[in-house]
Amino acid sequence: MLPKSYKPDGSFDLIRLGSDNDGGYLVDPKSIDDSAALLALGIGRNWSFEKDFIERKKVGVHAYDYSIGTKYWIKHFFKRLISILIGRLFAPLEAVKLYLEFRAFFKEHAVLFLEKIGTTPGCDTNLNQAIERLDDMPIFLKVDIEGYEYQILNEIIACSDRLSGLVIEFHAVSENKEKIEKFLDQITLKLIHIHPNNNRLDEEGDPKAIELSFSKSPKKLGDQFICPHMLDQDNVPRKTAVDLRFSEI
């Protein structure tokens, strides 16, 4: 069961950006329209959110992901090449096509930094340094950095007055409930949505990862939080959907 503070205090105007299932997020359209830049932490093989974002609002995009350099794409290609042995005949061609799309997007529409975001030794850049590279404010911030989000929560809180909106995926939720609660208590942005990642559950049946959406000035539609939202989609379609449960205190 998740703490009560994780539950938005109503329903809000939301749209979906990004791909179906994993890679898509529900956000406040006003937080996009009010933004002057997009800062995306964590990309992987899915930049559909960033693509949809700039189709709605043409802004500068800075993206950070240390794991998707040349070696990553070579390894990805050879994995797909081997998959021919199990009948995936077109997998290598699809891998090449994806890489070319990746190159085109980050050449024409965004600046990619192959840097690890965090504050511990081994990290290349912290959030403050990433923000300083952007000239335009306010910023819409997307964070999906596989557990490193906990290192930059204080920085997000400190710069929240410079944000129009935020989507963030929290990993290992049960082990970090107090950190998330503290973050929710201190951030000045409004919590407008929570989505459970149904890929993995903990021993109590709660999601191990959750996606939270925030906005500086959202449009409230009602006092009742509706979950799942009509635009929500399971991250992993082949797995059972997750019903969110919140404590009453």
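Observations
- In the condition set (1) touching a Lys or Arg at 6+ places or on another chain (Cβ under 9 Å); (2) over 22 Å from residue 32 (Cβ atoms); (3) surrounded by 14 or more Cβ atoms within 10 Å (Cβ to Cβ), residue 140 is compliant with all but (2).
- Segment 15-41: number of residues that are in contact with a strand residue (DSSP E or B) (Cβ under 7 Å, 6 or more places away or on another chain), within 18 Å of residue 235 (Cα to Cα) and either of a type in the set (D, E, K, R) or part of a loop (DSSP other than H, G, I, E, B) (or both): 3
- Filter result for residue 175 (touching a helix residue (DSSP H, G or I) at 6+ places or on another chain (Cβ under 8 Å), within 27 Å of residue 240 (Cβ to Cβ) and loosely packed, with under 14 Cβ neighbours inside 10 Å): no
- Subset of segment 127-148 (residues that are touching an Asp or Glu at 6+ places or on another chain (Cβ under 7 Å) and either of a type in the set (D, E, K, R) or within 23 Å of residue 25 (Cβ to Cβ) (or both)): 127, 138, 143, 144
- Residue among 115, 101 that is charged (D, E, K, R), out of contact with any His (no Cβ under 8 Å at 6 or more places or on another chain) and either surrounded by 15 or more Cβ atoms within 10 Å (Cβ to Cβ) or assigned to a loop (DSSP other than H, G, I, E, B) (or both): 115
- Every residue from segment 194-204 that is free of Cβ contacts under 8 Å to residues at least 40 places away in the same chain and either assigned to a loop (DSSP other than H, G, I, E, B) or under 11 Å from the mean Cα position of the chain (by Cα) (or both): 202, 203
Read-outs throughout are calculated quantities, based only on the coordinates presented, and are distinct from any laboratory measurement. Note that this is a predicted model, so its numbers are computed, not measured. Don't worry about glycine lacking a Cβ; one is built from the backbone with ideal geometry, like all the others, and counts go over all protein chains shown.
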